[in-house]
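The values are calculated or read from the model by the stated rules, or taken from the named source; none is laboratory data. All values derive from a computational prediction rather than experimental measurement. Backbone-built Cβ (ideal geometry, glycine too); neighbour counts: all protein chains shown. When the accessible area is computed, the model is the full protein with side chains, heavy atoms only, and any ligands, DNA or RNA have been set aside. Shrake-Rupley method; radii C 1.70, N 1.55, O 1.52, S 1.80 Å.
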Amino acid sequence: KICALMDTAAEAGIPIIGICHSGGLRLHETLGPMEMFGQLFKRNSNYSGVIPQISIILGVVAGGQAYSPGLTDFILMTKNSSIYIAGPAFVKAQTGQEISDQELGGALMHARVSGLVDILTDTEDEIFQEARSLFQFLPLNCHESPPTIPCQDNLGRCADVLDTTVPEQSQKPYDMHQVICPVFDNQEFKELKPDFAKNMITGFARLSGKVVGVVANQPRFLGGVIDIKAAEKAARFVRFCDAFNIPIITFQDSPAYLIGKKMEQEGMIYKGAKLLYAYAEATVPKITIIVRKAYAGAYIAMGSQYIGADLVYAWPGAEISSVGPKTAASILFRKEIAKAKDENEIETLYRTYHDNYVNPFRAASLRHVNDIIEPRDTRSVLINSLSILGGKKQVRLERKHGN
């Protein structure tokens, strides 16, 4: 019955919203449900990127049924709900471990640890309202654009507060939400997965009434570095936006990909590369604002021109470099630093490197950045840029699919 409905939805080009509460298959029916689970998973997969698929989890979703929401685009859960591929009874029978529903697959765990949950609420009424709100940002299918609404906000509004939002000291944290919200229509931003990989922000907003996807580093957490979870969170979101014709706006302030033994053991090279792949693959309009730090691999990954961004703008205080300025200066000026008489001389050497190689005007002179803009003008620059790119057409090389 569900599979027939999904086929109809795909043929009609309309989204699917699943309201899920299931104990999985009936054990005494054995192979019959197994076949239908496979048919269901096949449809979730085949229609991915064709029509939006949203899963609302109420109560418990267990066993094979859990894989179906896992194959959809967005998962919304109430705080008392849970989802897992094997329940506490199965876990105890097969491993001997005793564990509660919430510990094993509770909504809070999935929101904070696994990253499965996009939106988490207290009540069912709230989750239905959130689903309606999310739906307002989505097109009906991959052949249509997301819905545009009349813009009640001033298109030329200057957000003067942005001129003083980012601290002058590059090591000092701040909340990237204070940069994002003033830029968009009515200062509204619908964030997804807010409790997972907090060093990366993803969500939807509008510019001049048009839907855009927003990806941003968050300096308040881990200094904005990109770890495996952040890379996978952003990559999945970028690929969704590209599949459904949603332009991508990126706010960059990251010193690097996170390095070290733990990241290498957990697969940073191929998991972190998902973010590179997502931006490089995307053909929708891509506009990047370099707010502050743009160093090393993080600079490339977060929507740089090198990887396919259409337009890249930098704020005057941006720092653009192939490696952290102090690290580079300490190597280039190691002899001078060794001979320095005090910290002031060393600081002067650092400042010399910064002024000559790190400031955004050098990047602009090499055309790695399209323009240097005042922070307060970011909204109007983005609206004009989005208008310019409205007719963008980019054809991918012919292939079955990438990997």
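Observations, loosely collected:
- Over 22 Å [Cα-Cα, the range 1-103], rounded percent: 34
- Cα-based helix-to-principal-axis angle, 268-281 vs the chain, degrees rounded to 10: 90
- Ellipticity at 222 nm from helices only: DSSP H runs of n ≥ 4 in the chain, each -39500 (n - 2.57), divided by the residue count, give -10500 deg cm²/dmol.
- Cβ crowding within 10 Å averaged over residues, with 228-236, 121-129, 137-145 ranked highest first: 228-236, 137-145, 121-129
- Within the range 288-366, the percentage of alpha carbon pairs spaced more than 15 angstrom apart rounds to 57%.
- Environment charge at ASP342 (Cβ cut-off 15 Å; Lys +1, Arg +1, Asp -1, Glu -1): -1
- Structure remark: mean-square fluctuation, Gaussian network model of the chain, C-alpha springs under 10 Å; the largest value among ALA329, ALA301, ALA340 belongs to ALA340.
- Inter-part distance where the range 284-350 and the range 65-98 are each reduced to a Cα centre, Å: 44
- Computed log₁₀ I(q)/I(0) - Debye formula, equal Cα scatterers, no solvent, the range 217-285, q 0.13, 0.23 Å⁻¹: -0.37, -1.01
- The chain - charge dipole about Cα centre, Lys and Arg +1 at Cβ, Asp and Glu -1, debye rounded to 20: 1060
- Placing unit charges on the Cβ atoms of the charged side chains and taking the dipole of the chain about its Cα centre, the candidate lying farthest along the positive direction among PHE90, LEU222, HIS401 is HIS401.
- Over the chain, accessible surface divided per residue gives 50 Å², non-protein components excluded, 1.4 Å probe.
- The order of the peptides 181-188, 276-283, 51-58 by mean Cβ neighbours within 10 Å, most packed first, is 51-58, 276-283, 181-188.
- Which of LEU134, LEU389, ALA66, positive extreme of dipole for the chain (C-beta unit charges): LEU389
- Per-residue packing, averaged as other Cβ atoms within 10 Å, sorts the ranges 169-177, 262-270 into the order 169-177, 262-270, beginning with the highest.
- Taking a Cβ cut-off of under 12 Å around GLN39, the surrounding Lys, Arg, Asp and Glu residues balance to a net charge of +1, with basic ones at +1 and acidic ones at -1.
- The alpha carbons of the range 128-233 give a radius of gyration and a Dmax of 15.4, 46 Å, in that order.
- Whole-number Å³ per residue for the convex hull built on Cα positions in the chain: 172
- Mean sequence separation of contacting Cα pairs (under 8 Å, at least six apart), scaled by the length of the chain, corresponds to a relative contact order of 11 percent.
- Across the accessible surface of the chain, with the other protein chains kept in place and a 1.4 Å probe, carbon and sulfur atoms take up 54 percent.
- Sequence-separation-based contact order of the range 195-294, relative, with Cα cut under 8 Å and 6+ spacing, percent: 31
- When the range 320-363 is reduced to its Cα atoms, the Kirkwood hydrodynamic radius in Å: 10.6
- Based on the Kirkwood approach, the hydrodynamic radius assigned to the range 66-207 is 18.1 Å, with every pair of different Cα atoms included.
- Principal semi-axes of the equivalent ellipsoid, √(5λ) from the alpha carbon gyration tensor of the range 250-381, are 29, 22, 10 Å from largest down.
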